[in-house]
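The values are calculated or read from the model by the stated rules, or taken from the named source; none is laboratory data. Keep in mind the model is a prediction, meaning the values are calculated, not measured. Glycine also receives a Cβ, built like all others from the backbone with ideal geometry; neighbour counts cover every protein chain displayed.
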Amino acid sequence: MNGNYKAGTPCWIDLMVPDQQAALDFYCDLFGWQGEVGPAETGGYAVCTLKGQPVAGIMAAMNPDGTVPDPMPPTVWTTYLATDDLDATAKAVAQAGGTVIVPPMDVMDLGRMAVVADPTGAVVGFWQRGTFDGARIVNEHGALVWNEVVTKDLPAASAFYSTVLPVTTAASEMPGAEGYIEYQVDGRAVAGMMDLNSFPEGVPPHWQAYFSVDDVDSIQAAAVRAGGTVLAPAFDMAAGRMAVLADPQGGPFSVIKASSPS
């Protein structure tokens with residue numbers, strides 16, 4: 001995978017945590033990444049790599065002025081969707097009923113980013129590439145393989161993303177995946193949409209990141225040994241075998257061994 005993501009495609013993920021070094025230790029051990037706290041001029045942002053290629057970012061939770069937030073924001077992975085015109089996308093977000101949380105901003109010469117909440121409350125980022133496209137390895141062990149928005153209002157979410165980005169949505173035709181919505185770019189499924197009502201009470205609308213692994217059960221056990229928790233034990237489903245886990249600081253993520261190429 002060499003980047004150059006089409007608009008609307010998930011292209012990057014990053015995690016904001018109270019203890020950045022602890023998160024680096026956990027994920028690097030779990031997935032075989034390499035990563036270290038970055039330079040001061042980037043706020044210490046760590047670009048984690050696999051086989052020498054960027055796969056995800058991890059940063060310490062902090063205010064724009066460098067102070068520690070109070071209260072501390074929740075530990076979550078943020079999915080970034082590619083866009084060719086960030087300013088136009090951000091404007092469309094507001095017009096389509098979304099909320100711009102972090103307005104468009106330059107990230108040195110790497111690109112431009114913004115973070116928004118869709119009308120159903122799910123938070124997602126947008127990325128307009130500069131010198132940095134996004135994840136350079138995907139769909140293999142230890143790398144991002146899927147992203148999914150979980151919401152109580154699938155029609156509203158579908159309308160929103162189809163309005164602000166050149167994407168379409170359609171019911172999945174995969175056997176056993178009835179009710180699942182595919183989020184498509186140029187007719188190809190690049191993400192999914194799922195009904196929040198099937199989740200435990202109290203789970204908010206969100207975007208979920210899935211990492212590809214060779215052995216779900218072994219990764220689940222390793223995560224627990226490292227202080228993580230199991231939110232949904234390993235189980236078989238339409239797309240393969242998966243588990244939903246949380247890192248020691250509470251950040252949820254999914255791991256999957258796909259039954260067919262994604």
Among the candidates T49, T83, single out the residue that is more than 30 Å from I219 (Cα to Cα) and of a type in the set (V, I, T). T83
Criterion: at pLDDT below 95, under 19 Å from P10 (Cβ atoms) and not hydrophobic (A, V, I, L, M, F, W, C) - qualifying residue of Y210, Y180: Y180
Given (1) under 26 Å from G98 (Cβ atoms); (2) surrounded by fewer than 14 Cβ atoms within 10 Å (Cβ to Cβ); (3) modelled with pLDDT of 95 or more, where does T229 come up short, assuming only one miss? (1)
Residues being in a strand (DSSP E or B), under 10 Å from I256 (Cα atoms) and not hydroxyl-bearing (S, T, Y): count how many of those fall in region 206-232. 1
I want to confirm something. Restricting to region 190-205 and keeping residues that are part of a strand (DSSP E or B) and modelled with pLDDT under 95, which single residue is farthest from K6 (Cα to Cα)? D195
Sort out which residues of region 169-215 are without any contact (Cβ under 8 Å) to a residue 24 or more places away in the chain and surrounded by fewer than 16 Cβ atoms within 10 Å (Cβ to Cβ), and write them in order of number. A170, A171, E173, E178, G179, G187, R188, S198, P200, E201, G202
Checking the conditions here, which among L81, L86, L50 is buried (at least 16 other Cβ atoms within 10 Å of the Cβ) and touching a Lys or Arg at 6+ places or on another chain (Cβ under 7 Å)? L86
For region 64-78: of the residues being without any contact (Cβ under 8 Å) to a residue 60 or more places away in the chain and among the hydrophobic types (A, V, I, L, M, F, W, C), which is surrounded by the fewest Cβ atoms within 10 Å (Cβ to Cβ)? V68
Residue match in region 172-188 (condition: within 17 Å of W146 (Cα to Cα), part of a strand (DSSP E or B) and small (G, A, S)): no
Criterion: in contact with a Cys (Cβ under 8 Å, 6 or more places away or on another chain) and either small (G, A, S) or part of a strand (DSSP E or B) (or both) - qualifying residue of G66, G121, G57, G97: G57
Inside region 19-49, can you point out the residues that are within 17 Å of W77 (Cα to Cα), of a type in the set (A, V, I, L, M, F, W, C) and not in a helix (DSSP H, G or I)? W33, A46, V47, C48
Selection from region 232-262 of residues free of Cβ contacts under 8 Å to residues at least 40 places away in the same chain and surrounded by fewer than 19 Cβ atoms within 10 Å (Cβ to Cβ) yields A232, P233, F235, D236, G240, R241, A246, S259, S260
Considering only region 98-137, how many residues are surrounded by fewer than 15 Cβ atoms within 10 Å (Cβ to Cβ) and of a type outside the set (A, V, I, L, M)? 6
Answer yes or no as to whether V93 is surrounded by 16 or more Cβ atoms within 10 Å (Cβ to Cβ), within 24 Å of N4 (Cβ to Cβ) and either touching a strand residue (DSSP E or B) at 6+ places or on another chain (Cβ under 7 Å) or not small (G, A, S) (or both). yes
Scan of region 6-23 for residues that are closer than 17 Å to R225 by Cβ and either buried (at least 17 other Cβ atoms within 10 Å of the Cβ) or touching a strand residue (DSSP E or B) at 6+ places or on another chain (Cβ under 7 Å) (or both), ordered by number: A23
Condition first: touching a residue at least 12 places away in the same chain (Cβ under 8 Å), more than 19 Å from the chain's Cα centre (by Cα) and within 21 Å of L15 (Cβ to Cβ). Can you find one or more residues in region 121-143 that meet it? no
